[in-house]
Amino acid sequence: MLKYLFNFIVFPGFLFTVIVGLLACWIDRKVTARIQWRAGPPWYQPFIDIVKLSIKEITVPRAGSKGLFFLSPLIGLSAVTLVSTLVWLVNIDPASKGFSGDVIVIVYLLTLPAIAVMLGASASANPLASLGASREMKMVLAYELPFVICLTVPIIKSHGLLRLSDIINYQAVNGSFAASLSGIIAFIVMIFCMQAKLGLVPFDASEAETEIMAGTYIEYSGMLLAIFKITKTMLMVTLPLFLITLFWQGFNFLSLWKYVIILVVIILIRNTNPRVRIDQAVRFFWGKMTLMAILAVLLAVKGF
C-alpha cells in the first residue's frame, strides 16, 4: 500500500510530474521570450509563480455553487495524476506494469481536466466564465473525434492490443509505428489535438484573455487557480509521454530527445499562429484532421 501511495504522490506520479512540467513550462517561456527578443525568466520562476499564487487569498463568487467551485480543480488534478502515474510506470517497466484496457481508461481520464474546467466555470455563475465553458465544450467535441480515431491506429497495427506495455513491447520487436505512413499521419493529427487539449494558441479560445478576460478561470484565485495551472503543467508532460508510448516505442530517460522534439513543436505552433475562432477550430478538427485520421486508419488496415 505504501508503495502505491509513493508511486502516486512522489515518484513517478504527482510530485515528479509537476517538477518536470514546471521545467518544461520554463523552457516554453524562455524560448518564447527569445523569439520576442526578450531575455526570459530564470529556471526557477515557474516554481516561484506557483508558490506565490498558492498563498494568495481564495475568493468565492457569492452567486456560485461553492461545493462544485472548490471540487472542480481537484477533479482535473486527480485525473491527470492518475494518467501520469500509469504512463510513467508502464514506460519504466513495460514487462510488469499496466492492465488490460488501460489505453481506453487513459483516454477517458484525459477528458476529465477539460470537464473540470467547464464545471468550475459554470459553478462560478460569471457570464464570461459561462462563455468560456461553452467554448471549451465545443473545443472538446471538436478535437476528441480525430483524437479517438487516431488512437485506433496503434491498436490496429498491433493486432488489437489494448495494454500500453504490450504496445511498447510490440514496437520494440517490430519497429515504431511513427516510422510507418499511417503512424506518422496519426501522430501529426494527435499533436494538433494535444495542442487543443493543452489549451494553447491557436486553440485557447476558452481562456482568451484579450477577449473574455481569462474566460473559464476568471473567478478563480489563490490555491484553486494554482491547482488548475498545475494540472495544465502536468498535462504538458503527460500528453507528449502518452503519444511517445503509443507511436514511438515508449520513453526512457536515454530517449529524452523524443520529449524535447514534441515540446519544441508545441512551442513553435504556439508562437507562429494567431488564435482561431471557435467555429474555425471546429471546422479544422471535424474537417481536415478527421479526414486525415480516417486516412491513417484505412492505411493501417491495409498494412501501411
> At F47 and I261, where each label point lies 7 Å from the Cα along Cα→Cβ, what is the point-to-point distance in nanometres?
Replying inline: 3.0 nm
>> Explain nothing, just the number: dipole magnitude of the chain about its Cα centre with +1 on each Lys and Arg Cβ and -1 on each Asp and Glu Cβ, in debye rounded to the nearest 20.
In response: 320 debye
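If each residue's Cβ is checked for other Cβ atoms within 10 Å, how do K232, K197 rank with the fewest at the top? Please list the in-between numbers first.
Working: K232 20, K197 23.
Fewest-to-most Cβ neighbours within 10 Å comes out as K232, K197.
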> In terms of the Cα gyration tensor, with a ≥ b ≥ c the square roots of its eigenvalues, is segment 12-88 rounded because a/c is under 1.5, prolate because a/b exceeds b/c, or oblate?
Replying inline: oblate
> Stretched out fully, how many nm does the piece from I92 to W37 gain, at 0.36 nm a residue minus the Cα gap?
Replying inline: 15.9 nm
> Which ordering of R29, R277 is given by a fewest-first count of other beta-carbon atoms within 10 Å?
Replying inline: R277, R29
> GNM on the chain, C-alpha springs below 10 Å: top fluctuator among S124, S182, S54?
Replying inline: S54
> Measuring from centroid to centroid over Cα atoms, what is the spacing of segment 12-60 and segment 101-166 in Å?
Replying inline: 24 Å
> Of L5, L263, L291, how do they rank once you tally other Cβ atoms within 10 Å and put the fewest first?
Replying inline: L5, L291, L263
> Say the dipole of segment 6-109 comes from +1 at the beta carbon of Lys and Arg and -1 at that of Asp and Glu; which of Q36, T81, L68 then lies farthest toward its positive end?
Replying inline: Q36
> Which residue, S158, S65, S134, tops the fluctuation ranking in a GNM of the chain built on C-alpha contacts under 10 Å?
Replying inline: S65
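Between V301 and S100, 0.36 nm times their residue separation minus their Cα-Cα distance comes to what?
Working: separation 201, 0.36 × 201 = 72.36 nm, distance 2.24 nm.
Once the chain is fully extended between V301 and S100, it gains 70.1 nm.
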> Given R₀ = 45 Å, FRET efficiency for L145-F6 by Cβ-Cβ distance, to 0.05?
Replying inline: 0.75
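No lab work stands behind these numbers, since they all come straight from the coordinates. Remember, predicted model here, so these are calculated numbers, not experimental data. Glycine also receives a Cβ, built like all others from the backbone with ideal geometry; neighbour counts cover every protein chain displayed.
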